[in-house]
Amino acid sequence: MSKQILSIVEGDSAGTSSSILKLKNMLSELNTQDISEMFDELDRENIVKLFRILPKAVAADVFAHIDSDHQQIIVDALSDIEIGEIMGELFVDDAVDFIEEMPASVVKRVLMTVPAEKRTLINQILQYPEDSAGSIMTTEYVDLREDATVREAFEDIRNTGVTKETIYNCYVIRRDRLLVGVVSAKTLMLSKPREKIGDIMDTNIVFAHTTDDREVIADKFRKYSLLAMPVVDLEQRLVGIITVDDIMQVMVEESTEDMEIMGALTPSDDPYLKTGIFRLAKNRVLWLLVLMLSATITGSIISSFEDGLAVLPALIAFIPMLMGTGGNAGAQSSTLIIRGIAVGEISLKDVLRVVWKEIRVGAVCGLSLGIINFLRVYIMGERNPFLILTVTLALFCTIIIAKTIGGFLPILAKKVKIDPAIMAAPVITTAVDATSLMVYFSIAKVLFRL
C-alpha cells in the first residue's frame, strides 16, 4: 500500500478531490510509523503535499516520528495557525525533541504559536542537562488522589486521559504533589468501585530524580521491566514521567555511541548519509592520530632489538602473527566485559573474579593455539627447536596477557569514571602489541642468549 500511496502523491492527479479522499482513506488504515517512513522517499514539494493530506487525527503523531529535516520543511511551508495546531497536539516530550533539532529562527517562530502554559513546560524541560532524566520526561501523565474512589478515578481518567501519554500507570499524589504510590490500569479494573485509591495503590515505587543519568534510567527500565517511570524533584514531588518509547530511543543512542567509541570514532548524533565528509574525517582523525602515535611504542621496541633480529632474522616472520593474535584475543575479552558492564552483569567489585577467569581462559586458548602453531611451524619446514619454542611460548604468554588486559582495562575505566567502551579493540590492540613484542623478544634473548 505504501508504494501505491507514494505513486499517487507523486502523480499529476494528487491534487484532485477524488485522489485526496482516496489517499486519506488509505492513510487512515496505516500505522503512523509506517506513514512517517514514506517521507524519506519524497522530495521537498511532495513532503509538504503528503503531510497536508494526512488526517488531523494522525498528523501530529506522524510529525513526531519523521526526520528533523523533514519537520523543518513542513514547518517552513505551514502557516502559524497550522503550526500551532500541530504543537498543540504534540506531547511535551515530543515537542521538546523537535525544538532541540531546529535552528533558532524556527524555534522562535514555533514557540510563538504554543500556548503560554505549554511553552513554560517546554522551556522547563529544555533547562535540564542533555543526558538527564528531566530532559526526556513528559509532563502529561494521570495523577490521582489517595482519598478518591476507584469510580472517581475512572471518571477522572475519562475526562483527562485523552491528552495523556499513557494511562496504564496512574500516579497517586498528595496536595503538595508528593508522590506516594502508583496504580496500574489492571489494578483499577479489578478493584471494586467504592474502594479507595490509597488502599489499592502500590507504595513500592521505582522512580527517578530529574538529574539522574538517562543510562541509569535505562538500566532500571530493563531491570524492572517497566512501561513508565515517575520522575520526582529533590523534594520527592512528581514532575513528570518517562515512557518506554523514550527510553528505547535512549538505548539506541547509547548503543550507537558505544559502537562508535569502540571503533575509535568521536560520537556523532548526525546520520551517516547526512554528515559531511569533513565532519566524518574530523570524528575519525583524532583517534587515528592517537593510535598512530601510540603505535610508535612498538616501533621503539623493535628498534631496541635490532641487533638480535640481525643475528636471527627468522624472528621477524612471526611478529605479525603474534601481534594480530594478541590483539584479537584482547578484543574478544574487552567486548564481553564491556557488554557485561553495560547490562549490569559485571560491577567494580567483580574485578578480581574477571581477571582470574580471563587468565584461565587465556591459558586454555594459549595452550590450544600454541600446540597448533608448534605443528604448523614444524610442518612448514622450520627445524630450529629454539625458534619453535620461542614462538610457541611467546604465543601462549601473549594470549594470557591479552585476555587479562582486555578484561581488566574496561573495569578500570569504569572505576575512574571513563566510558568502558574507550577500552575497546583499538586501545586494547595497541597495548597488547607492545606487550607481545616485549614478551617475544625477552624469551628470544633467554633462549638464544642474545
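For this structure, a couple of remarks:
- For region 137-162, filtered to residues that are of a type in the set (S, T, Y) and touching a Ser or Thr at 6+ places or on another chain (Cβ under 8 Å), the residue that is least open to solvent (accessible area, probe 1.4 Å) is T138.
- Annotation note: Cβ proximity below 7 Å between a residue of region 233-258 that is more than 22 Å from P420 (Cβ to Cβ) and in a helix (DSSP H, G or I) and a residue that is of a type in the set (F, W, Y) and open to solvent by 70 Å² or more (accessible area, probe 1.4 Å) (sequence gap 6+ or interchain) occurs for no pair.
- Region 338-390, subset acidic (D, E), open to solvent by less than 90 Å² (accessible area, probe 1.4 Å) and under 30 Å from V216 (Cα atoms), residue modelled with the highest pLDDT: E358
Here is a yes/no grid of residues against (1) closer than 20 Å to I359 by Cβ; (2) aliphatic (A, V, I, L, M); (3) at pLDDT 90 or above:
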residue	(1), (2), (3)
T392	yes, no, yes
P410	yes, no, no
I418	no, yes, no
T429	yes, no, no
L437	no, yes, no
V446	no, yes, no
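- Here the helices (runs of 4 or more DSSP H) wholly within region 292-347 that include at least 3 residues being within 13 Å of A431 (Cα to Cα) and touching a residue at least 40 places away in the same chain (Cβ under 8 Å) are 296-304, 319-342.
- Tallying residues that are under 31 Å from the mean Cα position of the chain (by Cα), in a helix (DSSP H, G or I) and over 21 Å from F91 (Cβ atoms) within region 30-47 yields 5.
- Every pair of residues 6+ apart whose Cβ atoms lie under 6 Å, when the first sits in region 133-161 and is under 11 Å from L188 (Cβ atoms) while the second is of a type in the set (S, T, N, Q) and surrounded by 16 or more Cβ atoms within 10 Å (Cβ to Cβ): V150/S191
- Tally of residues being surrounded by fewer than 16 Cβ atoms within 10 Å (Cβ to Cβ), part of a helix (DSSP H, G or I) and of a type outside the set (A, V, I, L, M, F, W, C) across region 86-109: 6
- Single match in I81, I73 (criterion: of a type outside the set (D, E), open to solvent by 20 Å² or more (accessible area, probe 1.4 Å), modelled with pLDDT of 90 or more and assigned to a helix (DSSP H, G or I)): I73
- Tally of residues being at pLDDT 70 or above, open to solvent by less than 70 Å² (accessible area, probe 1.4 Å) and of a type in the set (D, E, K, R) across region 235-273: 4
- Qualifying residue in region 397-409 (condition: part of a loop (DSSP other than H, G, I, E, B), on the phi < 0 side of the Ramachandran plot and open to solvent by less than 50 Å² (accessible area, probe 1.4 Å)): no
- Restricting region 10-29 to residues that are surrounded by 12 or more Cβ atoms within 10 Å (Cβ to Cβ), under 16 Å from F51 (Cβ atoms) and over 35 Å from the mean Cα position of the chain (by Cα) leaves a set whose member that is modelled with the lowest pLDDT is A14.
- Residue among F221, F207 that is within 20 Å of D246 (Cα to Cα), surrounded by 15 or more Cβ atoms within 10 Å (Cβ to Cβ) and touching a strand residue (DSSP E or B) at 6+ places or on another chain (Cβ under 6 Å): F207
- Within region 335-349, the only residue that satisfies the criterion of being farther than 19 Å from E215 by Cβ and more than 18 Å from the chain's Cα centre (by Cα) is K349.
- Residue within region 126-140 that is over 33 Å from the mean Cα position of the chain (by Cα), modelled with pLDDT of 90 or more and of a type outside the set (D, E, K, R) present: no
- Within region 195-204, the only residue that satisfies the criterion of being buried (at least 18 other Cβ atoms within 10 Å of the Cβ) and part of a loop (DSSP other than H, G, I, E, B) is M201.
- Listing of helices (runs of 4 or more DSSP H) fully contained in region 120-194 that carry 2 or more residues being under 18 Å from V92 (Cβ atoms): 133-136
- If you go through region 172-215 and pick out every residue that is touching a residue at least 40 places away in the same chain (Cβ under 8 Å), within 30 Å of E254 (Cα to Cα) and aliphatic (A, V, I, L, M), you end up with 3.
The values are calculated or read from the model by the stated rules, or taken from the named source; none is laboratory data. Computed from a predicted model, the values in this text were never measured in an experiment. Backbone-built Cβ (ideal geometry, glycine too); neighbour counts: all protein chains shown. Ligands, DNA and RNA are stripped out before the accessible areas are found, and what is left, the full protein with its side chains, is counted by its heavy atoms. Shrake-Rupley method; radii C 1.70, N 1.55, O 1.52, S 1.80 Å.
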